[in-house]
Amino acid sequence: MDKEKRGDRGGFLVKPNTQSKKVRTLLTVLVIALFSLTAFSLRLRAEESKETITAGIPADRCPMFYLDPDTGEITGIGVDVMKIAGQQAGYDVVFTVITERSLKEALDNAAYDVILPFGSAVESARGKKTVVSDNLLQMPFTLVTLGKGELPPISRLRIGMLRSMEGGAETVKEHYPETEISFYETMDQAVKALRNGREDALLHNSFVWSYVLQKPSYNDLTVQPSTVFSMDFRAGTLDTEKGRALIERLNGGAAKLTDPMRQAVILDHTSRRLYRYDLSDYLYQYGLLFLLTALLVGTLTAVAVMRQRAERREHEEKIRLLTDHDPLTGALSLHGFRRRAEELLKSHPETRYMLSYINIKNFKYINDSLGMDAGDALLKFWVDTIRKTLGEDEIIGRITADRFVVLSHARSEEDLVKQDQEVLSRVRTYFIDRGRKFRILICGGIYLLTAEDYQNINIDHMLDFARLAEKKVRETKNDGFGFYNPEQWERGKRVADVINHLPAAIASGDLRVWYQPQVDYEKGIITGAEALCRWDHAMLGFLYPFDFIAILEESGLIYDLDCYVWEKVCQDLQRWNSEGYHPCVSVNVSRVDIREDRDIPGQFKALRDQYGIGADQLRVEITETAFAENPSLLIDTTNRLREYGFQVEMDDFGSGYSSLHMLKEVPVDRIKLDMNFLTETGDPEKCRTIVSCMIGMIHQLGMKMIAEGVETKDMADFLKNKGCREMQGYYFYRPMPMDQFEKIMKEKAEAGDH
């Protein structure tokens, strides 16, 4: 503990005087700046592996240690300082409130790695020696008394302290051995003892007093500024080999603590409105009024509550504005941009966004040659110009001096070029338009958000990508924009075109159902068909399934497409039935379609009843992958489909996920064997042997089968010789429009091949 500092009134005396708005604003801006520096330093270490340690703390020392009333999390000046020191030492510090009566008792609990706070090393409650860290924070301690009279020296006082501060009391006794110290479980008990004359003064650190003495019933207590002295704030643990190693490592982190870091933490918590009135406070402050009438009491209480809330809202709004906005340009600050961008991505998951990181390449020269006022005017003009182009769900933020970030709707290259010509060109010629022959150079990087970015939102991660793209532009050319990943950009545009045009394509009929005939190779007849989909896209041209199926599955829109295909197939089957034909059609069910909140079997039953088709005419194909991913839900779905009379096919069998256990468990009627197996790399003879065994196994299990992807006569003959008669592939028919399939089907029927 430092020597007693007489006359030092410190920076955090209780009952703080009212400060001007200008001072509060300056302090808040300082807090923001200091926290930004601290956060940046910590982010540099984010990828380092950290060991977790548990710190036990008391929870009755606001603002040193307290539970956040909104989140319930442990926070405070001591928490933040220890957390920073721990991170600098390579620790992840987890805080927990001690259940013991005092810190000395908590030292004997192995559940805590360290205990805070101690002024110096003390013995534990069981008499074990301890070690303490280097000083993490200098804490001013102050005596509080009744009245303002002068006090005798501390050594002649009767002092009351909280029992949880027994460790700190020993530090006091080391320097003032004659001081008489008594302990109390709560602050109310200590104040009562002071008022009854059993104690001359109460001792606590000044930060805690600044919170405690906001209680209205303590308005008769007075701070004794002449008795302010400092005490170290240290972490302690038992004096063991492990404890000494932990403390030594923690000392390394403590050595990296700077005064600006400490002051930032202190300002953050002491500037908050932490004290909240409870019922006893209101009764004390408005007790006389409560005696008038119940109605008057209720009215005054309501007024007081609303007044407090209004003040708190006003205070919070001022803090939010200062924290979330750049005071010069009015753009969002980095903190505000992060918060607002996360809100937008959560509330607009269907909107395709891009993040642009923009930098004035020669801004330092502008400030040096034209003056900072000219530079500030340029920044304001920049923000005003860009803001006019943004919608309500688009934002701009100022990251540092001349670096801005914009979250906006993903645009085409043509739109970006247009924006560059109409908006940024005005910024580039800002000084030229004002009679100064100076052109501004702008470099920008663009990152197109992916589906993963919406699921795991990390704004800093996205900023890094956009910043890398900007850096590449800045290092390779004077001016312009670049994309973080051009291939990703092209794919992103395609994804947006597919997703955004799906509803219109379904409504207009641009999505069309095609059919690929299935044949009995031995008999030479058509036995059915598989329903496929083709998209005549207004912007992208004619699309095949591989162009859009995966995109729709990733975005969760495949179900809309599948429902459309199922109904179109049922409509075609109804028409063919009315004309005297009775074909069978296989329709695909995506693995994404099958969820607990969707009744797929009930949906197929409703379609069957609505269009009056036979259950045997509709074969439901489910990929082998889907069975492997969620077997229990798929088994229940297939059981119900079969109960309704539908045939269930396992599609793409042999494509890489085959499981003999799955074949044993899954109740399907037909296996669709993927013949790509024969065309892939590997020993052809081994491939044929495996296919032969698979065909024999499927027959042995009593299931029907069909081979798909049959492209040559040799492949077809091989399959027929091994016992697989039904086939589908380019060797027989390619997928074709509905009217062409209908024509072939009718011709075969008239010729007797049906």
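The values are calculated or read from the model by the stated rules, or taken from the named source; none is laboratory data. These figures come from a predicted structure and were not determined experimentally. Counting neighbours? That spans all protein chains shown, and the Cβs are built from the backbone with ideal geometry, glycine included.
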Checklist entry - Looking at (1) assigned to a helix (DSSP H, G or I); (2) surrounded by 15 or more Cβ atoms within 10 Å (Cβ to Cβ); (3) not charged (D, E, K, R), which is the only condition TYR447 fails? => result (1)
Next on the checklist: LEU573 - would you say it is closer than 24 Å to GLN617 by Cβ and crowded, with 21+ Cβ neighbours inside 10 Å?
Outcome noted: yes
Item to check | Complete set of residues in the range 213-248 that are under 15 Å from PHE118 (Cβ atoms) and among the hydroxyl-bearing types (Ser, Thr, Tyr) | outcome: SER230, THR237
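What number of residues within the range 567-591 are part of a loop (DSSP other than H, G, I, E, B), touching a Gly at 6+ places or on another chain (Cβ under 7 Å) and under 29 Å from PRO631 (Cβ atoms)?
So the count comes out to 1.
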Next on the checklist: Looking at the structure I just gave you, is LEU511 in contact with a Cys (Cβ under 8 Å, 6 or more places away or on another chain), buried (at least 16 other Cβ atoms within 10 Å of the Cβ), within 30 Å of VAL587 (Cβ to Cβ) and without any contact (Cβ under 8 Å) to a residue 60 or more places away in the chain?
Outcome noted: yes
Checklist entry - Quick one: would you say LEU283 is under 26 Å from ARG339 (Cα atoms) and modelled with pLDDT under 80? => result no
Checklist entry - Can you spot a residue in the range 454-468 that is surrounded by fewer than 15 Cβ atoms within 10 Å (Cβ to Cβ), assigned to a loop (DSSP other than H, G, I, E, B) and of a type in the set (A, V, I, L, M)? => result no
Next on the checklist: Suppose we keep only residues that are touching a helix residue (DSSP H, G or I) at 6+ places or on another chain (Cβ under 7 Å) and farther than 21 Å from LEU332 by Cβ within the range 404-430. Which one would you say is surrounded by the most Cβ atoms within 10 Å (Cβ to Cβ)?
Outcome noted: TYR430
Item to check | Qualifying positions in the range 118-152 - without any contact (Cβ under 8 Å) to a residue 60 or more places away in the chain and closer than 26 Å to GLU105 by Cβ | outcome: GLU123, ALA125, ARG126, GLY127
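On the given criteria, is ALA538 closer than 20 Å to ASP652 by Cα and surrounded by fewer than 18 Cβ atoms within 10 Å (Cβ to Cβ)? Full working, then the answer.
Values: closer than 20 Å to ASP652 by Cα: no; surrounded by fewer than 18 Cβ atoms within 10 Å (Cβ to Cβ): yes.
The answer is no for ALA538.
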Next on the checklist: Against the condition in a loop (DSSP other than H, G, I, E, B) and surrounded by fewer than 21 Cβ atoms within 10 Å (Cβ to Cβ), how does THR385 come out, does it pass?
Outcome noted: no
Next on the checklist: Pairs needed: first member in the range 193-208, assigned to a helix (DSSP H, G or I) and at pLDDT 90 or above; second member anywhere, aliphatic (A, V, I, L, M) and crowded, with 18+ Cβ neighbours inside 10 Å; C-beta distance under 6 Å; at least 6 residues apart or different chains.
Outcome noted: LEU194/LEU202
Checklist entry - Exactly one of (1) part of a strand (DSSP E or B); (2) within 31 Å of the chain's Cα centre (by Cα); (3) modelled with pLDDT of 90 or more is unmet by TYR66. Its number? => result (3)
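When you scan the range 713-728, how many residues do you find that are out of contact with any His (no Cβ under 7 Å at 6 or more places or on another chain) and in a loop (DSSP other than H, G, I, E, B)?
Quick first cut of the range 713-728, residues out of contact with any His (no Cβ under 7 Å at 6 or more places or on another chain) only: 713-722, 724-728.
Of the ones still in play, those that are also in a loop (DSSP other than H, G, I, E, B) are 722, 724-725.
The total comes to 3.
Is it the case that VAL473 is over 17 Å from GLY556 (Cα atoms), modelled with pLDDT under 90 and either among the β-branched types (Val, Ile, Thr) or part of a helix (DSSP H, G or I) (or both)? Write out each step before concluding.
Numbers: over 17 Å from GLY556 (Cα atoms): yes; modelled with pLDDT under 90: yes; either among the β-branched types (Val, Ile, Thr) or part of a helix (DSSP H, G or I) (or both): yes.
Yes.
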Checklist entry - modelled with pLDDT of 90 or more, assigned to a strand (DSSP E or B), under 26 Å from GLU123 (Cβ atoms) and of a type in the set (Ser, Thr, Tyr) - does that describe any residue in the range 223-234? => result no
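Tally time: how many residues in the range 476-489 are in a helix (DSSP H, G or I) and either surrounded by 15 or more Cβ atoms within 10 Å (Cβ to Cβ) or touching a residue at least 24 places away in the same chain (Cβ under 8 Å) (or both)? Lay out the reasoning, then the answer.
Kept after step one, since they are in a helix (DSSP H, G or I), are these residues of the range 476-489: 476, 486-489.
Next cut, either surrounded by 15 or more Cβ atoms within 10 Å (Cβ to Cβ) or touching a residue at least 24 places away in the same chain (Cβ under 8 Å) (or both) only: 488-489.
Result for the range 476-489: 2.
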Checklist outcome for this item: When every residue in the range 444-463 that is out of contact with any Ser or Thr (no Cβ under 9 Å at 6 or more places or on another chain) and of a type in the set (Val, Ile, Thr) is compared, the one farthest from ARG403 (Cα to Cα) is THR450
Next on the checklist: Quick check on the range 88-106: of everything there that is out of contact with any Leu (no Cβ under 8 Å at 6 or more places or on another chain) and in a loop (DSSP other than H, G, I, E, B), which residue is farthest from VAL122 (Cα to Cα)?
Outcome noted: GLY90
Checklist entry - Which ones in the range 139-180 are part of a strand (DSSP E or B) and surrounded by 19 or more Cβ atoms within 10 Å (Cβ to Cβ)? => result MET139, PRO140, PHE141, THR142, LEU143, VAL144, THR145, ILE159, GLY160, MET161, LEU162
Checklist entry - Within the set of pairs 6 or more residues apart or between chains, which connect a residue that is closer than 14 Å to ARG670 by Cβ inside the range 632-646 to a residue that is of a type outside the set (Asp, Glu) and assigned to a helix (DSSP H, G or I) with Cβ atoms less than 7 Å apart? => result LEU641/PRO601; LEU641/PHE604; PHE646/PHE604; PHE646/ALA615
Checklist outcome for this item: Of LEU289, LEU267, LEU257, the only residue that is in contact with a helix residue (DSSP H, G or I) (Cβ under 6 Å, 6 or more places away or on another chain) and modelled with pLDDT under 80 is LEU289
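Which residue out of ARG619, ARG608, ARG598 is in a loop (DSSP other than H, G, I, E, B) and either in contact (Cβ under 8 Å) with a residue 24 or more places away in the chain or surrounded by 13 or more Cβ atoms within 10 Å (Cβ to Cβ) (or both)? Reasoning before the result, please.
Numbers: ARG619 fails: in a loop (DSSP other than H, G, I, E, B); ARG608 fails: in a loop (DSSP other than H, G, I, E, B).
Of ARG619, ARG608, ARG598, the one residue that is in a loop (DSSP other than H, G, I, E, B) and either in contact (Cβ under 8 Å) with a residue 24 or more places away in the chain or surrounded by 13 or more Cβ atoms within 10 Å (Cβ to Cβ) (or both) is ARG598.
Quick check on my filter: what residues within the range 68-93 are over 21 Å from ASP134 (Cβ atoms) and in contact (Cβ under 8 Å) with a residue 12 or more places away in the chain? Don't jump to the end; show me each part of the working.
To start, the set of residues in the range 68-93 that are over 21 Å from ASP134 (Cβ atoms) comprises 68-75.
PRO69, ILE74, THR75, listed by residue number.
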